[in-house]
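The block underneath contains the structure these notes are about, expressed in structure tokens.
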Amino acid sequence: MKYAKILSTGIYVPKKIMTNEEFEKITHMKIDPHYSQVIGINHRHLSSDEETPAYMAAMAAKQAIERAGIEPKDIDLIIVGTDTPEAITPPTASKVQYLLGLNEHKVPAFDVNASCANGALLLDIASRYIALGDYKNVLVIGTYAMTKFLSWKYAWEALFSDGAGAVILTSSDEPGYMGSEMITDGSWWYNWGIYMGAGKMNIEAIEKGLHKLDFIAPYPAEVNEEGWPALIEKLMKKLGKDKEDIGMIFFTQVRKKSIIKVMEKLNLPLEKTHMVMEKYGYTGSACVYMALHDAIEEGRMKNMDEKVVIFITSGVGYQQVATAFTW
């Protein structure tokens with residue numbers, strides 16, 4: 001049996017920045033000090049017309065490939081996770097494959113949409129492909145361009161930022177990937193989303209603004225503050241591990257206070273997590289990969305031998321996924 005190990009990471013961050021102060025001037029909505037102190041966001045990155053989801057994904061992938069010390073042609077499979085795709089169809093992953101110059105090699109590529117839970121889910125899917133022996137090097141990418149779907153007139157829109165994160169997983173004789181747990185509760189499907197689709201493809205839907213992100217009802221903080229610890233504890237029990245075996249947890253970077261509360265509930269020090277919302281804002285499908293990349297850059301992933309590293313991600317719908325690796 002083969003195991004999937006994380007080989008390298010890469011990110012792409014759009015150049016344009018909008019501070020909280022600038023957001024308040026544009027929207028006439030007061031968001032601070034709440035956003036800076038509770039959410040942990042003081043600015044956001046806005047993608048240009050040229051910085052499309054596929055472009056950002058390809059740029060993050062190129063950095064990951066370079067850091068891995070391999071060639072693009074060494075990639076055997078590409079999986080792109082996003083709920084802000086280049087188009088409804090064809091898949092964003094196909095364009096990413098082309099931008100990486102891998103169309104000549106006919107490298108398989110496909111999209112996944114578990115909303116912002118994509119990060120942990122893609123790692124799980126890629127690891128299973130590697131375990132079967134089908135592929136050696138799998139490139140997973142989370143790409144997010146939610147600012148393209150905003151109306152810029154609501155305070156909650158301050159949450160969103162654009163960017164991409166990439167991870168290359170490679171086949172190994174040693175763990176690696178350990179396992180995962182996931183849940184979905186479709187009763188929350190109507191709370192938050194972009195509801196323009198085949199079910200409502202008409203002029204009336206456009207006039208109602210369904211092609212924009214719609215915030216109908218809030219998700220209580222408890223969804224993550226109670227859901228994350230429960231899912232982590234379930235996963236650790238499944239793996240036959242104790243919480244003391246955890247070396248690092250990467251959460252969806254959606255709310256600073258929630259991450260702090262969860263670490264307190266788990267009775268783990270804050271040193272065992274890493275937050276990047278103050279650097280990048282909230283980047284959905286990309287955020288846990290960006291957090292991992294940043295932690296590696298800061299030297300925080302050293303001395304992790306035989307420790308469990310957990311990626312736990314949440315998304316509207318709602319989805320929650322926790323995936324564990326031995327570092």
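The values are calculated or read from the model by the stated rules, or taken from the named source; none is laboratory data. Please read all numbers here as calculations on a predicted model, not as lab measurements. Neighbour counts are summed over all protein chains in view; Cβ atoms, including those assigned to glycine, are modelled from backbone coordinates with ideal geometry.
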*Regarding residue 98, is this residue out of contact with any Gly (no Cβ under 9 Å at 6 or more places or on another chain), of a type in the set (Ser, Thr, Tyr), surrounded by fewer than 22 Cβ atoms within 10 Å (Cβ to Cβ) and modelled with pLDDT of 95 or more?*
yes
*Somewhere in region 2-19, is a residue part of a helix (DSSP H, G or I), surrounded by 20 or more Cβ atoms within 10 Å (Cβ to Cβ) and at negative phi?*
no
_Given the options 299, 284, 240, name the one that is closer than 25 Å to residue 47 by Cα and either touching a Cys at 6+ places or on another chain (Cβ under 6 Å) or surrounded by fewer than 17 Cβ atoms within 10 Å (Cβ to Cβ) (or both)._
284
*Say we look at region 202-220 and pick out the residues that are touching a residue at least 60 places away in the same chain (Cβ under 8 Å) and part of a loop (DSSP other than H, G, I, E, B); which of these is farthest from residue 253 (Cα to Cα)?*
211
_helices (runs of 4 or more DSSP H) wholly inside region 221-327 that include at least 1 residues being modelled with pLDDT under 95_ = 222-239
*Residue ID - surrounded by the most Cβ atoms within 10 Å (Cβ to Cβ), chosen from residues in region 75-94 that are over 14 Å from residue 140 (Cα atoms) and in contact with a helix residue (DSSP H, G or I) (Cβ under 8 Å, 6 or more places away or on another chain)*: 83
*Counting only residues that are within 15 Å of residue 285 (Cα to Cα), surrounded by 24 or more Cβ atoms within 10 Å (Cβ to Cβ) and not small (Gly, Ala, Ser), how many does region 43-66 have?*
2
*Across region 214-237, what is the number of residues that are out of contact with any strand residue (DSSP E or B) (no Cβ under 7 Å at 6 or more places or on another chain) and buried (at least 18 other Cβ atoms within 10 Å of the Cβ)?*
3
*Residue list for region 160-201, restricted to those being exposed (fewer than 15 other Cβ atoms within 10 Å of the Cβ), in a helix (DSSP H, G or I) and either in contact with a helix residue (DSSP H, G or I) (Cβ under 9 Å, 6 or more places away or on another chain) or not basic (Lys, Arg) (or both)*: 186, 187, 198, 199
_Step by step: first the residues of region 78-95, then only those that are touching a residue at least 12 places away in the same chain (Cβ under 8 Å) and aliphatic (A, V, I, L, M), then the one that is nearest to residue 164 (Cα to Cα). Which residue is that?_
80
*Filter result for residue 190 (outside the structural domain of residue 17 (by TED's automatic domain parsing) and farther than 27 Å from residue 16 by Cα)*: yes
*Restrict the check to region 58-67 and report whether at least one residue is free of Cβ contacts under 8 Å to residues at least 60 places away in the same chain and of a type outside the set (D, E, K, R).*
yes
_Suppose the filter is over 30 Å from residue 246 (Cα atoms), outside any strand (DSSP E or B) and in contact with a helix residue (DSSP H, G or I) (Cβ under 8 Å, 6 or more places away or on another chain); does residue 157 pass it?_
yes
*What pairs can you find where one residue is in region 263-291 and farther than 23 Å from residue 112 by Cβ, the other is of a type in the set (Ser, Thr, Tyr), and their Cβ atoms are less than 7 Å apart, with a gap of 6+ or different chains?*
263/273
_Test: residue in region 134-156 that is farther than 24 Å from residue 216 by Cα and modelled with pLDDT under 95_ = yes
*Within region 288-327, which residues are out of contact with any strand residue (DSSP E or B) (no Cβ under 6 Å at 6 or more places or on another chain) and closer than 18 Å to residue 193 by Cβ?*
317, 318
*Positions within region 27-42 being in a helix (DSSP H, G or I), within 21 Å of the chain's Cα centre (by Cα) and surrounded by 16 or more Cβ atoms within 10 Å (Cβ to Cβ), in sequence order*: 35, 39
